[in-house]
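K.L.:
Before we start, here is the structure in question, set down as structure tokens.
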Amino acid sequence: MLSHAEQDLIRRDIALPGLATLLDAAVFRAALQASADAQIGAVRLDYLRYKPGQNCIAAYTLTVAGAEVECHAKAYRQCDGAKLEKAKLRPAISGALGSGRFIWPQTRIEVCVFPNDNKLGSLALMGDAARREDFLRRHLFGHEQLWQSEVCTLAYKPERRWVGALEVDGTPLAVCKFYGESAFESARSKSKCFRNGEVLRLAPLIGRSKSRGALFYDWQRGELLSQAMLGPTFDSAVMFRVGVALAELQRQPTTNLSLRSGDAAAREIVSLGEFLEFLLPAEAERVHDIAARLAASIGGLPQGDSVVHGDFYAKQILFSGGEITVLDLDEAARGDAADDLGTFLAHLEREVAVGRLNASHLVTFRSQLLAGFASQAGDVDSKLVELYTAARLFGRLPQFFRNHDPEWSQRTRESLERVAALLGGSCLNEISRPETRQRSAAVSQTSRSKSECAAAGFQHSRAPYKGESGTPTGLTTGFDAKLPALEIALAPKVAESKLASALTETYPDMETLTLQSATLRRHKPGRRGLIEYHLTVGRVTPFAPGTVAGDDGAHGVARPTTAVTLLGKLYRRGVDVENVAAVRELIKSGFGGDSADGISIPDFVGALPEMGMTLQRRESGRPLAESLTGTDGQSAARRAADAICKLHRSSVLLRKTHTVADELEILDARLTALAGRRPEWELRLRGLWRECRKMAARLPTVTPRPIHRDFYHDQLLLDDRRVWLLDLDLLCAGDPALDAGNFIGHLIEWGVRAPEHRAAFDAAAAAFTERFIEHGGTDTTGAVEIYATLTLARHVSLSAQFPERAAFTERILAVCEERCGSLYETFRPTELVGSDL
């Protein structure tokens, strides 16, 4: 039966007609029983993810024929009929209920029975023993005992993440995690960042599949802290070792983690407050006040730079003897060390709220945890820990609703009181300062403006389409929840101050810096942004005869100004120091702006590591793309070959490498993802992948040379005297033919979309290839053609991601298929001759 709070929620959210069905387990069971081919026993609502006025996902566990079956249902808006029609066309794996997917148009609900999941398509592998074994064989080399393992779900958040145990004869031996597309790469990179300590133990990564978004970890033995600490015989001294392990984790020398800023945390708090206000409108005023106080306090803290776990609590910890195993580093970042302590204690507070943990035990556990941490990291600021505890407890308040706690509304209110108590008087005094109240209001207004835009159907940021000349279109504002520094980088006063500090080495005589404009040129949400800054730099120079002095001319100095245009590249993963050093080495060794051969790389003038931003000069010139369709297209293509071959001949030493295997892994991931979205092409895409793999096997072994790895027409600027080589973010050691093939592949793809220019592109490709071979001294036409085909195959997937290009996807696929056939006819005789010799 629905609670009064749930009935009120349904009454107010008229946009979701299916909300009443999803929140009531009995109603949901009756509706599902009417659609299913099997008798459904008990049903249990496990988890809710709710966006008021947008959608709601409910995860259920069903009992069917004595076994548990997982499923989830998604309620769409009244106006989302088209999405349901699209859902009807998705393929589904049959299961215990007959069909694996049910559509209920009247209530706008889609039901998916495990392993069907619209955003975790690779889960289908786990439901089929033969496909699962093949998958495990390919990605768990050297772990034969796991190839025929059974699967047991440990945790599942529909459309986000699945975690399961790989079991042999009922014994778990490994953990498998499937991620959504955007989360996999972040989790994979973090899995390689950390090492064991004296007390700290971490689960080693034993396998991965980029194409399937999967990571495999060795199973770790020990007692789960979240269960053991509730028992009467638990030794609280374990908490001391937990504190020691946390300190060992936080002091690891990891630099390539994203920065968790206080401003971003403040915005999250205010946004969360708005959700709680909707859930409990009677508490709206109190929620708003507490959220504003917390946001102002957290946002006003100095930026921390410790390694933080990001989700550190008792369910992430195993203990055995004197060792503490810490699990799940997916949320690891750089931030305030006290944040992890506050997160752990906030979870203990929640255990007290639901009656599982005695308040006196919490006091003991807190004391031991902080003592263990301090023994390794020094004294702990107890007030700061209390502030983070309050903030993280506030962040956990929606979990009572999301986990469908029968008493969720009452427990949310009680925990809100505890948050207020943890804030304490010192925080209240800080909030009373006028500047802090203004900060709180500003943060609140930013979040409210974002919510109002979302309600009206607008987005604060979306990925632009990069046209052939590199000119962006469709940019909106600079808000990006996963790239919080973007908003700072576009705020005039803040950006001006940070730029001034970053340019002191480049302009040692700088006295003033004025930011004239900041324009977001390109933006890949959650990943990176490109900002163009126009600055005026005021400089102090000795007064010279003939110089028009300023106000201080009589004192022997002049103050001339210099106009400067910079490009700021902002990265979610932070500044790649190794890449910046390599590019600077290239500039020093012949790629400077005054190089005699007219081939240059724009100079780095500074960096803002705390924001993950590098700064380069913006050089003048026209994009190469503008020349390729004109009368000088072939000449421009030859200049492009000159530029990239100069890079290939450089002597810079690079640690990063890119092999044919790496190229195939990327292609596999893209084609697999596209097959999930376009199942009608699955057989064709599988065939294309097989042909590309066979073709790549024909590539000769070469000595790795410096390569660009993303070389095509948008990466060059031309003027009458100079060629500028741009965007060396992927600089590494590899096969030079890859760069040439990438350049040709882009031209072929562009020709598919612009057939009126195809003849010009073909001529440019021929001129480029001819000059490329001249520089190399050997005929590498075959390797260039293979890499061009691999590039074009990658564009089959890329084109489907852009609405402007999606209409050409099938044609690009057809061209790839044609090239594979013709290339095999071309290369087969060469192979036979080689084998005879």
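K.L.:
Once neighbouring chains are kept in place and the probe is 1.4 Å, which whole percent of the accessible area of the chain is contributed by carbon and sulfur?
P.N.:
51 percent
K.L.:
Turning to a different aspect of this structure: Quick check: Cα centre of segment 96-169 to Cα centre of segment 758-801, how many Å?
P.N.:
Using only Cα atoms, the two centres lie 40 Å from each other.
K.L.:
Among Leu19, Ser182, Cys193, whose Cα projects farthest towards the positive end of the dipole of the chain, with charges put on the beta-carbon of Lys, Arg (+1) and Asp, Glu (-1)?
P.N.:
The residue sitting most towards the positive pole is Leu19.
K.L.:
Going through segment 199-239, which trypsin sites (Lys or Arg not before Pro) have at most 11 other Cβ atoms within 10 Å and a DSSP loop state?
P.N.:
Answer by residue number: Arg221.
K.L.:
What trypsin sites (Lys or Arg not before Pro) does segment 645-676 have in DSSP loop regions with at most 16 other beta carbons within 10 Å?
P.N.:
Of the trypsin sites (Lys or Arg not before Pro), the ones in loops of segment 645-676 whose Cβ has at most 16 other Cβ atoms within 10 Å are Arg655, Lys656.
K.L.:
If you don't mind, another one. Once each part is reduced to its C-alpha centroid, what is the distance from segment 663-678 to segment 192-233 in angstrom?
P.N.:
Between the Cα centre of segment 663-678 and that of segment 192-233, the gap is 29 Å.
K.L.:
When the Cα centres of segment 234-268 and segment 22-66 are compared, how far apart do they sit, in Å?
P.N.:
The distance from the Cα centre of segment 234-268 to that of segment 22-66 comes to 37 Å.
K.L.:
On to the next question. Which order, highest average first, do 292-298, 24-30 follow once you tally other Cβ atoms within 10 Å for each residue and take the mean per peptide?
P.N.:
292-298, 24-30
K.L.:
Using +1 on the beta carbon of Lys and Arg, -1 on that of Asp and Glu, and nothing else charged, what's the dipole of segment 278-382 about the Cα centre, debye to 20?
P.N.:
Charge dipole, segment 278-382, about its Cα centre: 320 debye, nearest 20.
K.L.:
Here is a further query. Beyond 20 Å, what share of the Cα-Cα pairs of segment 184-274 is found? Please give it as a whole percent.
P.N.:
60 percent
K.L.:
I've got another one for you. Which is farthest toward the positive dipole end of the chain among Leu32, Leu301, Ser320, measuring Cα position about the Cα centre, with Cβ charges +1 (Lys, Arg) and -1 (Asp, Glu)?
P.N.:
Leu32
K.L.:
Taking the highest mean first, how do the peptides 671-681, 186-196 order by number of other beta carbon atoms within 10 angstrom per residue?
P.N.:
Output ranking for 671-681, 186-196: 671-681, 186-196.
K.L.:
Loop only per DSSP, at most 16 neighbouring Cβ atoms within 10 Å: give me the trypsin sites (Lys or Arg not before Pro) in segment 482-517, ordered by residue number.
P.N.:
Those that pass, being in a loop and sparsely packed, are Lys482.
K.L.:
While we're on this one: What does the helix-only formula give at 222 nm for the chain: each DSSP H stretch with n ≥ 4 adding -39500 (n - 2.57), the total divided by the residues, and the result rounded to the nearest 500 deg cm²/dmol?
P.N.:
The per-residue figure over the chain is -14500 deg cm²/dmol.
K.L.:
While we're here: Determine, for each peptide in 134-145, 167-178, the mean count of other beta carbons within 10 angstrom over its residues, then list the peptides with the highest first.
P.N.:
167-178, 134-145
K.L.:
Taking the Cα centre of segment 686-787 as origin, sum charge times position over the Cβ atoms of Lys and Arg (+1) and Asp and Glu (-1), and report the length of that vector in debye to the nearest 20.
P.N.:
Magnitude of the dipole: close to 480 debye.
K.L.:
Would you work out which of Leu813, Ser595, Leu205 lies farthest towards the positive end of the dipole of the chain? Charges go on Cβ: Lys and Arg +1, Asp and Glu -1.
P.N.:
Sorting the options by dipole projection puts first Leu813.
K.L.:
A further question follows. Keeping all protein chains in place, calculate the accessible area per residue for segment 719-783 (probe 1.4 angstrom), answer in Å².
P.N.:
38 Å²
K.L.:
In addition: Suppose all protein chains stay in the model; what accessible area per residue would a 1.4 Å probe give for segment 203-283, in Å²?
P.N.:
Accessible area per residue, segment 203-283: 41 Å².
K.L.:
So, one more: About its Cα centre, what dipole magnitude does the chain give when the only charges are +1 on Lys and Arg Cβ and -1 on Asp and Glu Cβ, stated in debye to the nearest 20?
P.N.:
The dipole magnitude comes to about 840 debye.
The values are calculated or read from the model by the stated rules, or taken from the named source; none is laboratory data. Here the structure is a predicted model, which means the values were calculated and not measured. When we count neighbours, we look across all protein chains shown, and the Cβ atoms used for this are built from the backbone with ideal geometry, even at glycine. Just so you know, the surface numbers come from the protein's heavy atoms only, side chains and all, with ligands and any DNA or RNA stripped out. Shrake-Rupley method; radii C 1.70, N 1.55, O 1.52, S 1.80 Å.
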